[in-house]
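Trainee: Encoded as C-alpha cells, here's the structure I'll be asking about.
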C-alpha cells in the first residue's frame with residue numbers, strides 16, 4: 001500500500017497546463033487529480049486576460065467492462081482518503097502536441113486528451129479506445145463557479161440549474177450567471193444533481209491556505225466505445241462551439257502548435273518545445289485591444305516589468321516582430337510622468353506605476369528589437385517618448401525617483417516596493433531597497449546610452465545627455481564597486497552602503513553597455529558564481545547572510561519573506577549565461593559549458609513540476625522541485641534567449657538526462 005501511496009504522491013506532483021490565448025487555461029496533474037485551487041478543465045477568462053473563473057473542475061470516469069463491473073480511472077483526494085484510486089491504472093503521459101494520459105486495465109486501454117480552442121473559453125476532452133476490447137464509459141463532469149483564487153462550498157445560492165437544448169446541456173450556476181454549455185459527441189445523458197464535499201488540494205495545504213472544496217455534478221454521459229472509436233466532451237461559454245466539430249477543432253490545434261516551431265523546424269526537440277511553451281504566455285488584452293504577456297501560470301496576470309523582460313526571449317529572439325511591436329506600442333500609450341504602468345486597469349481600476357525598472361527595461365527591449373529587426377521607422381515614431389522618459393527621471397517623478405548630484409538614479413519611499421524584489425506582506429516591505437539600487441543604475445546608464453545610440457541613428461542631438469553619461473561612468477565604481485571586487489546592492493551616497501551579495505549586480509555585466517572593465521567583470525562573475533549560482537538559477541541572497549532563507553515554504557508570510565532572501569530565480573540564469581559568455585569571449589569551451597549547464601533545467605522542463613514548463617523559483621538551499629508558479633514567462637524567455645541569441649542549437653539534446 002505504501003508503494004501505491006508513494007506512486008500517487010509522485011504522479012500528482014507532475015502537472016500540465018494548456019492556455020487558450022485569452023488568459024484562461026485547462027490544467028491538472030497528469031493523473032487528473034486536482035491538487036490546487038487553480039486546477040480545472042475549464043478556467044475561463046471573462047475579461048481577457050483577467051476575471052478568470054473555474055467552471056469545470058474535473059470529470060469522473062468509470063470504465064465498465066461488463067454490465068455491472070467497472071474500474072474508476074479518476075483519482076481524488078479527500079481528508080485521510082484517496083478515492084477513487086484510478087492512478088493505479090495510469091500508464092503514461094505525453095505532453096506534445098496535446099496533453100494526453102493513457103490508462104490500462106487488463107487489456108482495456110483508454111487515451112484521454114485535453115486541449116483548449118484558441119481565443120475561446122472552450123475545452124475539449126477526448127476519450128479514445130486505443131485497445132482491442134470494447135467498453136462503456138460513464139463520464140460525470142464536476143462543476144464549480146468561482147474566481148480562480150477562491151474555493152467553493154455548497155450553498156443555496158448556487159443551484160446549478162440546467163436544461164437541455166438540442167443535443168447539449170445549458171447550465172447556470174446561479175440565477176443571472178453566464179451559461180456554461182456542455183456537449184458529448186455521442187452517448188446518452190442522465191441528469192442527477194449531487195454535491196461532493198471536501199475535495200482536498202494538497203498544494204494549497206502546503207502553501208498554508210484553505211484547501212477543501214465542494215463541487216456539484218448535474219448528471220453523466222454514458223457511451224459505448226468499440227476498438228478505435230472515441231467520444232468528445234466539449235465545455236464552453238460560447239454556445240456557437242456546440243455546433244463545432246471537435247475533430248476539426250483538434251486537428252486545428254495540432255496544426256497551430258506545429259506552426260509555432262516552423263521557423264526552427266530543423267532544430268532539436270528541446271528548442272521546439274521551448275518555443276511552444278513560450279507561445280503560451282502571449283495572450284490578448286481586452287482593455288487595450290492588443291497582445292500582452294502573462295507573467296506566469298497559474299495566478300499571475302500581465303505586469304509591466306515581467307513583460308519587458310520576458311518579451312526579449314519570447315518575442316524578439318524568436319522573431320515575432322509584430323507581437324513585440326504591438327506590446328511595446330501598447331505600453332508606451334500608457335506612459336505617464338515618464339513611467340510605464342506596472343499593471344493595467346481592469347474593471348475601472350486605476351493603472352499602477354509602482355515600478356522603477358519596468359520603464360528602464362523598455363530601453364533594453366527596444367535596443368534588442370532594433371538589433372533584431374532594424375525597424376528604424378518605429379524607433380523614429382517613439383523617440384520623443386524616450387526623451388520624455390529621460391527628462392522625467394532627471395527632473396524627478398513618482399516615488400521620489402530622481403537623479404542624484406552624482407548622476408545616479410535613486411528612488412523609493414516608505415511602504416512602497418519598486419524593484420523586482422517586490423515582496424510585501426500587508427504593510428511590510430521585505431526588501432525595500434530604497435536609494436540607488438545597483439541594477440537600476442546599470443539600467444539607467446544603458447537607457448542613456450541607448451537613447452544616444454538612437455539619436456545618432458535618427459541624426460538627432462546625440463550629445464544631449466553626454467555629460468550625465470560621463471558622470472555616471474565616473475561615479476558608478478566609486479559607490480558600487482567595493483574592495484572585495486563585487487558590487488554593493490544599494491547605496492545612498494555618503495549615507496548608506498548595503499554590501500549584501502545579491503544577483504542584481506549581474507546586470508552590470510549582462511546589459512549591452514557595461515560600466516566595468518574586463519578584469520572587474522571577471523571578478524564580479526567569480527563572486528556571483530561562488531555564492532549565488534545554482535544549476536536552476538541564481539540565489540537572491542548570499543547563503544552566509546544572516547537574513548538568508550534556505551527554503552521557500554509555509555504560509556504567505558513565510559513564503560513572501562523568503563521570496564527574495566535566498567530563493568533561487570530561474571530568469572536570472574539568462575543574465576548569468578550572457579555575462580559568462582561575454583567574460584569568456586564566447587569561446588568554444590564556454591559555449592560547451594553553458595550547454596551542459598542547461599542540462600538541469602532541461603530535465604526539469606521534461607520531468608518535474610509542470611511538464612513542458614519551467615517554474616518560477618526554487619529553494620535557496622539544495623534546490624530540487626520547482627516552486628512558485630509552475631510555468632513562468634521570464635523563466636522560459638531567459639532560456640530561449642540564451643539558446644537563440646547564441647545559436648546554442650547543436651547537440652543540446654545530447655545533454656538531456658532521461659530517467
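The values are calculated or read from the model by the stated rules, or taken from the named source; none is laboratory data. Keep in mind that what you see is a predicted model, and the values were worked out from it rather than measured. A quick note on method: Cβ atoms are made from the backbone with ideal geometry, for glycine too, and the neighbour counts reach across all protein chains shown.
Trainee: Kindly list the number of the only condition in (1) touching a residue at least 24 places away in the same chain (Cβ under 8 Å); (2) crowded, with 17+ Cβ neighbours inside 10 Å; (3) within 34 Å of the chain's Cα centre (by Cα) that fails for residue 514.
Mentor: (1)
Trainee: Looking for whichever is more than 29 Å from residue 277 (Cα to Cα), surrounded by fewer than 23 Cβ atoms within 10 Å (Cβ to Cβ) and without any contact (Cβ under 8 Å) to a residue 12 or more places away in the chain here; the options are 106, 62, 72, 68. Which one fits?
Mentor: Of 106, 62, 72, 68, the one residue that is more than 29 Å from residue 277 (Cα to Cα), surrounded by fewer than 23 Cβ atoms within 10 Å (Cβ to Cβ) and without any contact (Cβ under 8 Å) to a residue 12 or more places away in the chain is 68.
Trainee: The conditions are (1) outside any loop (DSSP other than H, G, I, E, B); (2) free of Cβ contacts under 8 Å to residues at least 60 places away in the same chain, and residue 87 fails exactly one of them. Which is it?
Mentor: That leaves (2) as the condition not met.
Trainee: Within the set of pairs 6+ apart or on separate chains, which have a first residue in segment 411-425 that is in the same structural domain as residue 562 (by TED's automatic domain parsing), a second that is assigned to a loop (DSSP other than H, G, I, E, B) and surrounded by fewer than 17 Cβ atoms within 10 Å (Cβ to Cβ), and C-beta atoms under 7 Å apart?
Mentor: Short answer, once both residue conditions are applied: 415/427.
Trainee: Before we move on, is residue 148 modelled with pLDDT of 95 or more and touching a helix residue (DSSP H, G or I) at 6+ places or on another chain (Cβ under 6 Å)?
Mentor: Spelling it out, it is not the case that residue 148 is modelled with pLDDT of 95 or more and touching a helix residue (DSSP H, G or I) at 6+ places or on another chain (Cβ under 6 Å).
Trainee: If a residue must be out of contact with any helix residue (DSSP H, G or I) (no Cβ under 7 Å at 6 or more places or on another chain) and either surrounded by 18 or more Cβ atoms within 10 Å (Cβ to Cβ) or assigned to a strand (DSSP E or B) (or both), how many such residues does segment 540-552 contain?
Mentor: Qualifying residue count for the region: 2.
Trainee: Out of everything in segment 312-333 that is part of a loop (DSSP other than H, G, I, E, B) and in contact (Cβ under 8 Å) with a residue 40 or more places away in the chain, what residue ends up being farthest from the chain's Cα centre (by Cα)?
Mentor: Ranking the candidates gives 319 first.
Trainee: Out of 247, 309, report the one residue that is under 22 Å from residue 122 (Cβ atoms) and in a helix (DSSP H, G or I).
Mentor: Of the residues listed, the single one that is under 22 Å from residue 122 (Cβ atoms) and in a helix (DSSP H, G or I) is 247.
Trainee: Taking segment 190-207 on its own, how many of its residues are buried (at least 17 other Cβ atoms within 10 Å of the Cβ), more than 20 Å from residue 53 (Cβ to Cβ) and either at pLDDT below 95 or more than 30 Å from the chain's Cα centre (by Cα) (or both)?
Mentor: Selection size over segment 190-207: 1.
Trainee: Determine, yes or no, whether residue 133 is surrounded by 19 or more Cβ atoms within 10 Å (Cβ to Cβ) and within 13 Å of residue 229 (Cα to Cα).
Mentor: No; evaluated as a whole, the condition is false for this residue.
Trainee: So for segment 434-450 (the condition being assigned to a helix (DSSP H, G or I) and without any contact (Cβ under 8 Å) to a residue 12 or more places away in the chain), does at least one residue qualify?
Mentor: no
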